[in-house]
Amino acid sequence: MSVKIEDQLKEKILNVAKKNPKGISHKDITAAIPEVSSAELVPVINELLQQEYFDLFNQNGVLVYKLKAQTSKQAVKGADNEEKVVYNLIEEAGNKGIWIRDIRVRSNLANTQLTKVLKNLESKKVIKAVKCVNASKKKVYMLYNLEPDRSISGGAWYQDQDFESEFVDILNVQCHRFLSQRADKIKNNPRGPIVGRTQSYATANEVQKYITDLGISKVELDVEDVITILNTLVYDGKAESSVYPDGSKVYRAIDPLIPAPGLVQVPCGVCPLIHSCDSTGLVTPQTCVYMKEWLE
Amino acid sequence: MSHQMGRVVSAILERHFGEIVQKVGDDLFSYGSRPISMIVRNTGLPRNQVIDSLRTLLKFDLATFEPYNDVIVDYKLLPDNVLLLIRYPRYLLQMKSKYGSEAELLVEELLQQATCTATTLLFNIATKFKDDKEKSITILGLKDMFISLVTAGYIQQAPVAELKEGSEIPTLVPVATIVPDLDSRALVQAMNNGHINDIKDNIYWRVNYDRFHLDFRDEIMIKAITRRIDENAGELMRFLLEKMYLTSAPWAPESSPLCAVELRERCRSAATDKPLLHQFVDQYLKVLEENGGGFVRRVGDAGSGQFTVRSRHAALQLVLCALEHCVTERLGSKAARIFRLIYTKKYIEEDDIQKNAMLVNKECKQLTYKLMEEHFISVQPMRKPASAGGMAKAIYLYHVKLHSVAYTGLEMCYRSLHNVLRRAAHERSAHARLVDKQRRVRTIVHGMRLRGETQRNIDDVEETLTPPELAVLQGVEKRLKQLSTAELELDRNLFIFKWYFMYPYVE
Ligand code: SF4
């Protein structure tokens, strides 16, 4: 058997294993790859085991091969010691990543050497550098195939570490629309105000479903994301929140307690010059242009 | 008492009583209490004018006096009462809508007279409308209305001046109001005679502003609840307030507990009007408590539930709401979001503001600083103990000092009110000549009509006002109307602030 065929076979087996994270038995493999005899399979599997791709389990008397979560061996195969040390530090940091300074301190490597090692690993697509959303200059390293943590990527609201405020605004408006549709249910409800109130409440799950169905979001928004948006509505004074006995959060659209008060109905209430406007001087109510426009 | 308040007070005095009274008022405002001689020296006005002005101020309860020693009296302005002068139209409106036009006439006349005996008051109004068949106002009808208004507390007995022994300076002593017993026969007789010399009446009356203010407060609370929940809940709020008056001081920050049983009783009697409220009283109480801005709170379970009305808390909520509106209009809704966020969280760090408000970092910072610049929020640095890395970093906590923000709001109200008054005065004086001309033309035309002169002659006179002049006059009228509406609205806003500041500050 040539090396190439062997490699192909390895790949096939690995694919099967990936599809079945619970593990595969010898039978599964033969079923999935019927064109290969089991005699041919055995050495390949052995080799995979040797390379620590698989863990071997005994499940009810059947041998099961299970794919190892993350095989570091392959990644640093043929790497030198420095690379291994750096790799381990990065792996340890998980999806939160690790800052280059910390790697340097903990690995005791000289700056230039470390940069080289990191470049190397990066070019092999073993690790990647991710920019932090809350500190734009800061870069952290993590394993290539990891999804960065929310605190690093900012979650759904960030696109390449730019905060997508328009997206948030649109969602804010849509959530409000959804809540408003049912807000009036509390008014004069023939089944009583408690039922009415329940009908005017929306749970975060309902809102999430509505938003998902609208299809305005290109990323998947989970309930927590929607709650974040709903909370902005609360801070906008457009909704109030409450908690159901089962602990789920509910929201209801509300109006402010009073309509726009006198202060904001006159130009002075919104005037940027109000604190420098006086009876005499450059800015006076007698000569004020804002007043003039308002009175026209 | 702030400088801004002084400016408004001054403008109001000018509008209502002219420049001389304004000068005296200004002087009193800036120096607190003063004897006449000092006022004369400082204002440079002749002594008799100062005395006249003080008399006017005292008459309308806009100033008081107190003995400095046995012969010298100190005078003091009551600026809060001066501010009420712009509220007069609202008092009248309240009377008209609640009790009808007779009540309005009574209160209007009484406000003009400041204090007056019942007999004079009734006689004057009845005489004025003697020939007005349409309104059919009789002295007896007025009398009944007067008694209703006294009973309801809108009109009260004026304090009487008493001379203490060994002093030449009288003191004003408030008297408890007793519902008067007015002799109908004597009143009718007086109408027929055309004079009231035969009736002995020496009890003086005046308008009780506070009673009106309670009405205004109740109305605001009821309206707010209606907006938040529905009319039934608003009505329930009304009942709660009604009950509250029976057991608590009307402005009490929190009323004494009110019993749900009595409320249910009250709702039953309103069942035809508000069937839903009657059917679901208990549910409405619950919703009112939980979703009604905290105006009402459950305090116990005795008698199937006990509730208090929280006037102070309501004032706080409403002031907050007014301020939020103000922030929204001045700095935009995003700034209002930050303002509300900081208020809800009490103390919050800058980073957390950005995270919760969901704004772009830069924009968020800018708005935060703007809010600070306009004194809507404040910041408190907190030193963190030097951390392990040796990077001691101060953290800045943002928060809203509602009391001082409300003060900022109040000052803005004063400023705006002053400016509106000032602008109106300016409009008037700029077109004084024309307005005067119009008035003269009107009186002449009126006289000609009475004399039955021909339409042609009347037209001739009317045409002395040229079309461009008429257009100008129309413009002035429109602007003045808009300004006076604004005045009333600002006064409403002021009312909320004053209500809030009525209660001593608690952290
Ligand atoms: S009068 Fe004009 S300049 Fe002065 S505060 Fe009002 S709007 Fe501003």
Qualifying positions in the stretch A:149-168 - facing another protein chain (nearest Cβ under 9 Å) and either assigned to a helix (DSSP H, G or I) or modelled with pLDDT under 75 (or both):
A:Trp157, A:Asp162, A:Ser165, A:Val168
Can you tell me which residue is nearest to A:Thr228 (Cα to Cα) among those in the stretch B:316-352 that are touching a residue at least 60 places away in the same chain (Cβ under 8 Å) and more than 7 Å from chain A (Cβ to nearest Cβ)?
B:Phe339
Sort through B:Glu254, B:Glu290 and tell me the only one that's in a helix (DSSP H, G or I) and not hydrophobic (A, V, I, L, M, F, W, C).
B:Glu290
So, first residue assigned to a helix (DSSP H, G or I) in the stretch B:409-434, second residue of a type in the set (Val, Ile, Thr) and within 12 Å of the ligand (Cβ to nearest atom), Cβ within less than 7 Å, six or more apart or across chains; the pairs are B:Met412/A:Ile274; B:Arg415/A:Ile274; B:Ser416/A:Val266; B:Val420/A:Val266
Looking only at the stretch B:461-475, how many residues end up being exposed (fewer than 12 other Cβ atoms within 10 Å of the Cβ) and of a type in the set (Asp, Glu)?
1
Options B:Leu276, B:Leu241, B:Leu246: the member that is surrounded by 16 or more Cβ atoms within 10 Å (Cβ to Cβ) and under 26 Å from B:Tyr503 (Cβ atoms)
B:Leu241
Given the condition among the small types (Gly, Ala, Ser), outside any helix (DSSP H, G or I) and away from chain A (no Cβ under 14 Å), answer yes or no: does some residue in the stretch B:257-274 qualify?
yes
Output for the stretch A:264-296, where each listed residue is closer than 27 Å to B:Leu318 by Cβ and more than 11 Å from the ligand (Cβ to nearest atom):
A:Val264, A:Gln265
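Given the residues A:Pro259, A:Pro245, which is the only one that is at pLDDT below 90, farther than 30 Å from A:Phe167 by Cβ and more than 16 Å from the ligand (Cβ to nearest atom)?
Answer to the selection: A:Pro245.
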Which of the residues belonging to the stretch A:171-186 are closer than 21 Å to A:Val219 by Cα and among the aliphatic types (A, V, I, L, M)?
A:Leu171, A:Val173
Determine which member of the set B:Asp198, B:Asp183 is touching a helix residue (DSSP H, G or I) at 6+ places or on another chain (Cβ under 8 Å) and of a type in the set (Asp, Glu).
B:Asp198
Considering each of A:Val266, A:Val195, A:Val250 in turn, give the residue that is surrounded by 15 or more Cβ atoms within 10 Å (Cβ to Cβ), farther than 21 Å from B:Lys334 by Cα and in contact with a Phe, Trp or Tyr (Cβ under 7 Å, 6 or more places away or on another chain).
A:Val250
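The values are calculated or read from the model by the stated rules, or taken from the named source; none is laboratory data. Source: prediction; values computed, not measured. Neighbour counts are summed over all protein chains in view; Cβ atoms, including those assigned to glycine, are modelled from backbone coordinates with ideal geometry.
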